[in-house]
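Structure, as structure tokens:
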Amino acid sequence: MFGLELWQFVAAFVVTAFAGFVKGALGFAMPMVMISAFGSIMPAPVALAAMILPTLFTNIQQAVRDGRAEAVASAVKFRLHIAMVAIFICVSAGFVTLIPQWVMYGALGVPITLFALWQLSGRPLVLNLRHRRRAEGWSGVIGGLYGGISGIWGPPLIVYLLSVGTEKREQVRVQGVVFLIGAVVLTVAHLFSGVLNAATLPLSLVLCIPAFGGMMAGFALQDRLDVGQFRRWTLVLLILTGLNLVRRAFEIWSL
């Protein structure tokens, strides 16, 4: 079935539904959940291809859930961050072969984990209004630099949004807008690279079904979470994301 054994396809279906649920509830971590699990049950190129279309289409849904006008307004409001991400992804992409990936994963995972643990300890970092514009720009620069080398640019945005106390629905919407830009680039790139091809495209397309089903269930949970619960679970997931990056750094370093 789609080049996979039945058990592999069923496992991929279940994992995608769970990843969609997490994304619907908190607005991020879908690629992390999918690629971590898929990498254990299928070849790496197939695993990457399988997650591309579910990631693309769920980001579209996340970005426009409150309406296209709101999505555009959020893009305009956080245009500095978005611009810096786009610019510095292009700048850093050329250094992929020069900087060890384990260094980049570790350098991103450790501070993200420490930040989230600090926030959960009850000592939140709240940025002064005078410094928010500067922090927005620098978070975009950092996200772009890491994104061009490692393909991960979301955590610095989440750290910034938490630090400025962004309202729950807007935080999820902004994450969707920024992640969507990256997902479009990723999709186009791998249509040309051959990762998305006649064999893998149908699998990726079919997995959009559990992704959307899980996301709708996640949206229902998100709507019931109060601001404190949403923030707490976001921080917990951010810790898991950071620890996964550190794990990946050690995995690459030990090879």
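The values are calculated or read from the model by the stated rules, or taken from the named source; none is laboratory data. None of the values given here were measured: they were computed from a predicted structure. Neighbour counts are summed over all protein chains in view; Cβ atoms, including those assigned to glycine, are modelled from backbone coordinates with ideal geometry. All accessible areas refer to the heavy atoms of the entire protein, side chains included, with ligands and DNA or RNA removed. Shrake-Rupley method; radii C 1.70, N 1.55, O 1.52, S 1.80 Å.
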Against the condition in a helix (DSSP H, G or I), modelled with pLDDT under 85, farther than 17 Å from residue 34 by Cα and open to solvent by 70 Å² or more (accessible area, probe 1.4 Å), how does residue 149 come out, does it pass?
no
Which of the residues spanning region 199-213 are at pLDDT 90 or above and either open to solvent by 20 Å² or more (accessible area, probe 1.4 Å) or within 16 Å of the chain's Cα centre (by Cα) (or both)?
201, 202, 205, 206, 209, 211, 212, 213
Name, by its number, the condition in (1) crowded, with 17+ Cβ neighbours inside 10 Å; (2) over 19 Å from the mean Cα position of the chain (by Cα) that does not hold for residue 58.
(2)
Residues (at pLDDT 85 or above and open to solvent by 80 Å² or more (accessible area, probe 1.4 Å)) located in region 227-246
232, 233, 240, 243
Do we have residue 79 as under 18 Å from residue 181 (Cα atoms), touching a residue at least 60 places away in the same chain (Cβ under 8 Å) and either surrounded by fewer than 17 Cβ atoms within 10 Å (Cβ to Cβ) or among the charged types (D, E, K, R) (or both) here?
no
Determine if region 83-91 includes at least one residue that is buried (at least 20 other Cβ atoms within 10 Å of the Cβ) and within 22 Å of residue 247 (Cα to Cα).
no
Out of all the residues in region 159-183, which are open to solvent by 10 Å² or more (accessible area, probe 1.4 Å), β-branched (Val, Ile, Thr) and touching a residue at least 12 places away in the same chain (Cβ under 8 Å)?
159, 164, 177, 181
Give me the pairs: first residue in region 239-255 and outside any helix (DSSP H, G or I), second residue small (Gly, Ala, Ser), beta-carbon distance under 6 Å, and six or more apart or on different chains, which are they?
none
Output the residue which, of all residues in region 186-208 that are in a helix (DSSP H, G or I) and free of Cβ contacts under 8 Å to residues at least 12 places away in the same chain, is nearest to residue 61 (Cα to Cα).
188
Return the residues of region 43-56 that are modelled with pLDDT of 85 or more and out of contact with any Phe, Trp or Tyr (no Cβ under 9 Å at 6 or more places or on another chain); say none if nothing qualifies.
49, 52, 53, 56
Please indicate, with yes or no, whether at least one residue in region 130-140 is in contact (Cβ under 8 Å) with a residue 24 or more places away in the chain, out of contact with any Pro (no Cβ under 7 Å at 6 or more places or on another chain) and polar (S, T, N, Q).
no
